[in-house]
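Peer 1: Input: one structure, supplied below.
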Amino acid sequence: MSKRSDNVTRGIEKAPMRSLFYAMGYTKEELERPLIGVVSAHSEIVPGHIHLDKITEAVKAGVRMAGGTPIMVPAIGVCDGIAMGHIGMKYSLASRELIADSVETMTMAHQFDGLVLVPNCDKIVPGMVMAAVRLNIPAVVCSGGPMMSGLVGGVETSLSKMFEAVGARKADIIDDAGLEEYEQNTCPGCGSCSGMYTANSMNCLCEAVGIALPGNGTIPAVHSGRIMLAKHAGMAIMNLVEKDIKARDIINEKSIRNALACDMALGCSSNSVLHLLAIANEAGVELNLELFNEMSAKVPNLCHLAPAGGTHMHDLNNAGGVQAVLAELNKKGLIDTSLITAAGTTVAENIEGKYIKDNNAIRSVDDPYSETGGIAIMWGNIAQEGCVVKRSAVAPEMLKHTGPARVFDCEEDAIDAIYNGKIVDGDVVVIRYEGPKGGPGMREMLNPTSALAGMQLDKTVALITDGRFSGASRGASIGHVCPEAACGGNIGLIEEGDIIEIDIPSAKINAKVSDEEFARRREKAVPREPNVKSGWLYRYAKLVGPSCKGAVMSED
């Protein structure tokens, strides 16, 4: 049977290529087997990636056990927590495109027969999956697994509480010793931060869409089961290569709907909207914001993990994990169980015998947290092309809110106002020029949301931005406003004191400003100069598309 890697290993004319393999110590026997790229995002700057060398070695062992030759190649990865609140966050979302391009480059240049993708944190997971469906070769995702929760004052905690502790310190609700207690005990070790933040959201959705094996989203990083999963992922890729099951055989219109259903049930990060749109785009699947609300209307929210509630990823794992959630959704016919997965089995086979083991972590479909899903899309005169909110993390009293706009043209100015007590109950904080082009890079804004939560304003103050929020954000944090200010969106025309009406249940968000008044303001508006004028981010700003399309790069 011919294979892709024959292009670099077989025939007289490939002797120079073989000589280079031999220079690295590969044997003739290894070159006769399928060559499997093991794309590792291991580094010493990301807690979720610090241990990926161990995961990668386990994957390689699995590939060898199943008769393949594993070849590790690297991938970059930004730690969003460390990059938060400064210029570094401009590079986070943009790095997703670099990762996808680099996986494509290494795969095509060296003609791998299949890929095992070893990411863990926020943009690395979707970036690798985007590459897999773009290349459309056999691929399996094997993440590094979630961090265990911390313990502060006898209460389990995670990174969202750490950021909120800063706001509490600024408000003198806790002292320096209390802040130090959070610093030392919130993040106890390796893994993706322990709440249902973006990294864990995407790792769970990889499982739901079928590109990862059962357990990928929830088995803790420090459990032996994570090493076993990695070995099985290495074995699974060999089965996919043998049967020629490609990435788009797994990720397609039907499986993306399964992922959307799971997203709503789990209460995933609002960033999952951006990433699912981008993955669908690479897979050639039409996906729009309307479908998110369509799914939300019929899929109940079954989980309230941090920051929405007090449970964490290890609780979800102990309760049965993603497969138990899918099995519960199947009781209402909300998923397609006929689809093939990276395990070589169907969704139906994967969920057989799975059930909820702990109702504190996963509720039944007959007793959900809400009848609607965890993500909501809204439209209105300041978001004609939509905006996104993690509805499951919004307090009931903030689902509808009307208040005066407090307008800021960057995150730093908003943070300064919050910390200096200039934001009061009822306000609507508007942060603009932070979109994909205007930022550039669409910064996450965990600092302002956590500052409000830490200062106990999260149930009285809303935030709106054309940027985005961290999966660790909670409250009425409304992001991805489109069109963004830098592209002429009405969010750029809002003035201090304008009354903003938010109605999440009705999917509406409007400023009490007439079309005529917006037109008058537009005539007087002075275009802003881009705040980055060189380097990779400058090129990114030129090519990136709107958030309602996934903020993907395009030359159109």
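Peer 1: Do you know which of the residues in the stretch 79-101 that are of a type outside the set (D, E) and open to solvent by 40 Å² or more (accessible area, probe 1.4 Å) is nearest to S5 (Cα to Cα)?
Peer 2: Across the stretch 79-101, the extreme among qualifying residues is L98.
Every residue, every condition in (1) touching a residue at least 60 places away in the same chain (Cβ under 8 Å); (2) on the phi < 0 side of the Ramachandran plot; (3) not aliphatic (A, V, I, L, M), yes or no:
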position: M108; (1), (2), (3): no, yes, no
position: V116; (1), (2), (3): yes, yes, no
position: C121; (1), (2), (3): yes, yes, yes
position: G150; (1), (2), (3): no, yes, yes
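Peer 1: Still on this structure, I have one more. Here is a list of conditions, (1) in contact (Cβ under 8 Å) with a residue 60 or more places away in the chain; (2) farther than 30 Å from G114 by Cα; (3) assigned to a helix (DSSP H, G or I), and D249 meets all of them except one; can you say which number that is?
Peer 2: Here D249 meets the rest and fails (2).
Let's see how each residue does on (1) open to solvent by 10 Å² or more (accessible area, probe 1.4 Å); (2) at pLDDT below 95; (3) out of contact with any Cys (no Cβ under 9 Å at 6 or more places or on another chain); (4) not β-branched (V, I, T):
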{"site": "G25", "(1), (2), (3), (4)": "yes, no, yes, yes"}
{"site": "I36", "(1), (2), (3), (4)": "no, no, yes, no"}
{"site": "G48", "(1), (2), (3), (4)": "no, no, no, yes"}
{"site": "I55", "(1), (2), (3), (4)": "no, no, no, no"}
{"site": "A66", "(1), (2), (3), (4)": "yes, no, yes, yes"}
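Peer 1: Among the residues of the stretch 166-180, how many are surrounded by 18 or more Cβ atoms within 10 Å (Cβ to Cβ) and more than 11 Å from M455 (Cβ to Cβ)?
Peer 2: The total comes to 1.
Peer 1: Moving on to the next point. Within the stretch 183-195, can you find the residues that are open to solvent by 20 Å² or more (accessible area, probe 1.4 Å) and touching a Ser or Thr at 6+ places or on another chain (Cβ under 7 Å)?
Peer 2: The one that is open to solvent by 20 Å² or more (accessible area, probe 1.4 Å) and touching a Ser or Thr at 6+ places or on another chain (Cβ under 7 Å): C193.
Peer 1: Condition first: part of a helix (DSSP H, G or I), hydrophobic (A, V, I, L, M, F, W, C) and within 26 Å of K508 (Cβ to Cβ). Now tell me which residues in the stretch 252-277 satisfy that.
Peer 2: Across the stretch 252-277, the qualifying residues are L260, A261, M264, A265, L266, V273, L274, L276, L277.
Peer 1: If we scan the stretch 349-356, do we find a residue that is open to solvent by 10 Å² or more (accessible area, probe 1.4 Å) and hydroxyl-bearing (S, T, Y)?
Peer 2: Taking the stretch 349-356 and keeping what is open to solvent by 10 Å² or more (accessible area, probe 1.4 Å), we get 349-356.
With the extra rule that they be hydroxyl-bearing (S, T, Y), the set shrinks to 355.
Within the stretch 349-356, one or more residues are open to solvent by 10 Å² or more (accessible area, probe 1.4 Å) and hydroxyl-bearing (S, T, Y).
Peer 1: Also, quick follow-up: Mind listing whichever residues of the stretch 82-138 are under 18 Å from V209 (Cβ atoms) and of a type in the set (K, R)?
Peer 2: R96, K123, R134, listed by residue number.
Peer 1: Take V241 and tell me if it is open to solvent by 10 Å² or more (accessible area, probe 1.4 Å), touching a strand residue (DSSP E or B) at 6+ places or on another chain (Cβ under 6 Å), in contact (Cβ under 8 Å) with a residue 24 or more places away in the chain and among the β-branched types (V, I, T).
Peer 2: Criteria met by V241.
Peer 1: Could you please find all residues in the stretch 543-556 being open to solvent by 40 Å² or more (accessible area, probe 1.4 Å), at pLDDT 95 or above and not hydrophobic (A, V, I, L, M, F, W, C)?
Peer 2: P546, K549
Peer 1: Continuing with this model, one more query. If only one of V424, V481, V389, V461 is farther than 19 Å from H86 by Cβ, open to solvent by 10 Å² or more (accessible area, probe 1.4 Å) and not basic (K, R), which one is it?
Peer 2: V424
The values are calculated or read from the model by the stated rules, or taken from the named source; none is laboratory data. Note that the coordinates shown come from a computational prediction; the quantities given were computed from them, not determined experimentally. Neighbour counts run over all protein chains shown; Cβ positions are idealised from the backbone, glycine included. Each accessible area value is taken on the protein alone, full model and side chains, heavy atoms only, with ligands, DNA and RNA left out. Shrake-Rupley method; radii C 1.70, N 1.55, O 1.52, S 1.80 Å.
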